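Worksheet: the structure to be examined is printed underneath.
Just so it is clear, none of the values below were taken in a lab; they were calculated from the coordinates. All values derive from a computational prediction rather than experimental measurement. Virtual Cβ from ideal backbone geometry, glycine too; neighbours counted across all protein chains shown.
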Amino acid sequence: MATLCPRIAAPRDAARTTQGQRRFSAANFRHAPKWRFQAKPSEPHSLHRLTARLPPPFTTNPLPRPGFRQARANSRSALNVQATALKVCIVNTAGGGHAVIGFYLAKELRELGHDVTIMTVGEESSPKMSKPPFTRFSELRDVGVNTIWGEPSDMAAASSNAFDVVIDNNGKTLQAVQPVADWAKSKGTKQFLFVSSAGIYKPSFTPPILETDPVNENSGHAEVERYLAALDGVEFSSFRPQYIIGSGNNKDCEEFFFDRLVRGRPVLIPGSGQQIVNVAHARDNAHMIALAVGDEAAHGQIFNCSRDTGVTLDGMVELCAKAAGVQDPQIIHYDPDQVARELGIEVKKVFPFRFAYHFFTEPRAALTMLGWTPAGDLASELEERFQEYSASGRGQQDMSFESDDKIIAEVQ
């Protein structure tokens, strides 16, 4: 069975020791002091302090999830479509996990009746455009989305239009975002949404990570958020995604597990395997951002753009194995410090998740302020992803596992 983390939404200082709930402490999150080979047998900081009433505590009991269409129908955005369509410009990255968020966001905003332009960074002739989600942009054009290409440093050259809302789903530094923000202000834009990153947070030993938790003030994302918060005449909100999956994603995440499982190889996990992460579907990320468009409740707020449940690293193996139809997957745990010391392998470059501590955020602000709820569950979403993985033929391609083999030889 996959190991899922309990749902948590109680105030951080509340002692939660009742049956069906789990009290968290730093001791719960430390790895075992000694590592060995294991083969698996059968004061808070934010730009704006959140003041909304906290939701009731989540329990470990699974709650029924509505289907995607039902969940969307229950959202505020679907119930209260604005009478006046807004002109929205999405500045979309040309690579990485965020690109697929822009794809789903453009589609949903258009379905809500908005006039949507998505500007992808770079040139349409770039080799990057031969990968998803860009190969699916015809779906956007079919529903009336305007697709253009250009450079954030010269937005005026890309479009002469004025927009009510600008969404930057590209920049990681002030150098990249400031020209877009300044251009938006000069055009009379009233709302600017920034897709930031949960990587902005400092390590926490009292998860889940909330929007009010300390951030690395020297990070590029933090610098961007400070600049946008001080921008006169433009309402600003920031969204901090974590790990992203979904059809059209071109950044390996779940593929790390599929690549090994379909070839009968063990899956190597640094540490105990009980570290908790947060993996969300890009469709849910996009829906959260779409809810904020034109919504005064979002002004000046920070939103963790993530699922409301976590999953352990071992749990990811189990869920991916189930999606791939693999029985009894083999998991090998290893000491990342030993591997770095003895083999010179920097584990963060060969493993797709953070592993030194529990890294999962809770979308408390979106739940309380936007009326957002995630539509799907991770298990079914991984099944969807495996179908796409199988259709791509990647499982039959030649692939090197040199680093894996070195690590296995070291720990055995």
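Summing Cβ point charges (Lys, Arg +1; Asp, Glu -1) relative to the Cα centre of the stretch 279-328 gives a dipole of roughly 120 debye.
Sort the following peptides by mean Cβ neighbour count (other Cβ atoms within 10 Å, averaged over residues), highest first: 270-276, 281-287. Each step should come with its number before you reach the end.
Numbers: 270-276: 20.9, 281-287: 26.6.
Highest mean packing first, the order is 281-287, 270-276.
For SER138, what is the net charge nearby, where nearby means another residue's Cβ is under 14 Å from its Cβ and Lys, Arg count +1, Asp, Glu -1? Walk me through the numbers on the way to the answer.
On the way: positive: LYS107, ARG110, ARG136, ARG141; negative: GLU124, GLU139, ASP142.
After counting each charged neighbour, the total is +1.
If each residue's Cβ is checked for other Cβ atoms within 10 Å, how do LEU193, LEU367 rank with the fewest at the top?
Numbers: LEU193 25, LEU367 20.
In increasing order of surrounding Cβ atoms, one gets LEU367, LEU193.
Basic side chains Lys and Arg get +1 at the Cβ, acidic Asp and Glu get -1 at the Cβ, and with that the dipole of the stretch 315-383 about its Cα centre reaches some 260 debye. Remark: the stretch 121-192 carries a charge dipole of roughly 160 debye about the Cα centre, counting +1 on each Lys and Arg Cβ and -1 on each Asp and Glu Cβ.
Using mean Cβ contacts within 10 Å as the protection proxy, how do 256-269, 332-345 order, highest first? Please report the intermediate quantities before stating the final value.
Numbers: 256-269: 20.1, 332-345: 16.6.
In descending order of packing, they fall as 256-269, 332-345.
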